[in-house]
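Structure first, commentary second.
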Amino acid sequence: MDIIICKDEQEVGKAAAALIAPFATKGGTLGLATGSSPLSTYQELIRMYEAGEVSFKNCKAFLLDEYVGLTRDNENSYFKTIRKEFTDHIDIVDEEVYSPDGANPDPYAAAEEYEAKLAAESVDVQILGIGGNGHIAFNEPTSSLSGLTKVQALHPKTVEDNARFFNTIEEVPTHALTQGLGTLSRAQNIVLVATGEGKADAIRGTVEGPVTASCPGSILQMHNNATIIIDEAAASKLENADHYRLMEQLKLR
Ligand code: GLP
């Protein structure tokens, strides 16, 4: 893993966007995440697009996850969210932005369908955030480290964290469809972004903890091309932060 420690959220976004942009211009397949963590990355990519520095016109994009029970026109669906926050502001073809169907009355069938769709694709670069309990996409602790797209019951902490987007906590769906850890690990490159002290424990577990289903982020230790881009606050519980800084300085390319 490469660990890049930046001074703040804006720098995290710039560093992540710089890694992602070359894949976009090549017409690559992008793996997109929702949540607040990737927002500065998306803002920087939008800025680069507006400045003519990157184009997404030949790209496809696949979302990580979706709430069960929300239709695509629901403001809180990830289908809608990724459009509002990112893809409506760039030149990607809207029909090429795919996500699991949260409105399918049979969520297990929807999970299988999405896994089959992804099995025929090769994601060039996957963007990830991380939950306070170490979850990635919606893979809560105890998720199989090699799991496929599935229906996931949400941890009360995840429901509580995500309640800020809904009017009341009761409105937060109890289940989600999510790419499994095995599914998302097939991406050629992974860029995980995290900011703020609330993510410091999850980052510590991801980078320095054992590889364990108790901290799903730790599966990235098994990935050949994973980059963790974090701000000082998210890095604050890393024991070997100085070593990671040195490794970045010594990098030849
Ligand atoms: C949700 C999403 C994850 C995201 C996590 C953290 O559970 N399914 O993909 O990484 O929240 O969200 P945030 O970036 O808003 O802290």
- prompt: Quick check: is even one residue across the range 216-231 of a type in the set (D, E) and either more than 14 Å from the ligand (Cβ to nearest atom) or surrounded by fewer than 19 Cβ atoms within 10 Å (Cβ to Cβ) (or both)?
  reply: no
message: So if I check each of L45, L64, which one is of a type outside the set (G, A, S), crowded, with 20+ Cβ neighbours inside 10 Å, touching a residue at least 12 places away in the same chain (Cβ under 8 Å) and within 15 Å of the ligand (Cβ to nearest atom)?
response: L64
field: Number of positions in the range 116-173 that are buried (at least 17 other Cβ atoms within 10 Å of the Cβ), more than 13 Å from the ligand (Cβ to nearest atom), assigned to a loop (DSSP other than H, G, I, E, B) and not β-branched (V, I, T)
entry: 3
field: I82 β-branched (V, I, T), within 15 Å of the ligand (Cβ to nearest atom) and either in contact (Cβ under 8 Å) with a residue 24 or more places away in the chain or surrounded by 19 or more Cβ atoms within 10 Å (Cβ to Cβ) (or both)
entry: yes
task: Please work out which one of (1) in contact with a Phe, Trp or Tyr (Cβ under 9 Å, 6 or more places away or on another chain); (2) hydroxyl-bearing (S, T, Y); (3) not in a loop (DSSP other than H, G, I, E, B) is the condition S55 fails and give its number.
output: (3)
- prompt: In this structure, does L30 turn out to be part of a helix (DSSP H, G or I) and under 16 Å from the mean Cα position of the chain (by Cα)?
  reply: no
message: Just to verify a result, which residue in the range 183-208, among those that are of a type in the set (V, I, T) and assigned to a strand (DSSP E or B), is surrounded by the fewest Cβ atoms within 10 Å (Cβ to Cβ)?
response: I190
message: So for the range 174-182 (the condition being more than 21 Å from V207 (Cα to Cα) and surrounded by fewer than 19 Cβ atoms within 10 Å (Cβ to Cβ)), does at least one residue qualify?
response: yes
message: Show the residue pairs meeting these rules: Cβ distance below 9 Å; 6+ apart or different chains; first residue within the range 117-136 and over 10 Å from L192 (Cα atoms); second residue surrounded by fewer than 20 Cβ atoms within 10 Å (Cβ to Cβ) and among the acidic types (D, E).
response: G131/D161; G132/D161; G132/D201; N133/D161; N133/D201; G134/D201
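Coordinate-derived values only; no laboratory data. It should be emphasised that the depicted structure is a prediction, and the values quoted were computed from it without experimental measurement. Neighbour counts are summed over all protein chains in view; Cβ atoms, including those assigned to glycine, are modelled from backbone coordinates with ideal geometry.
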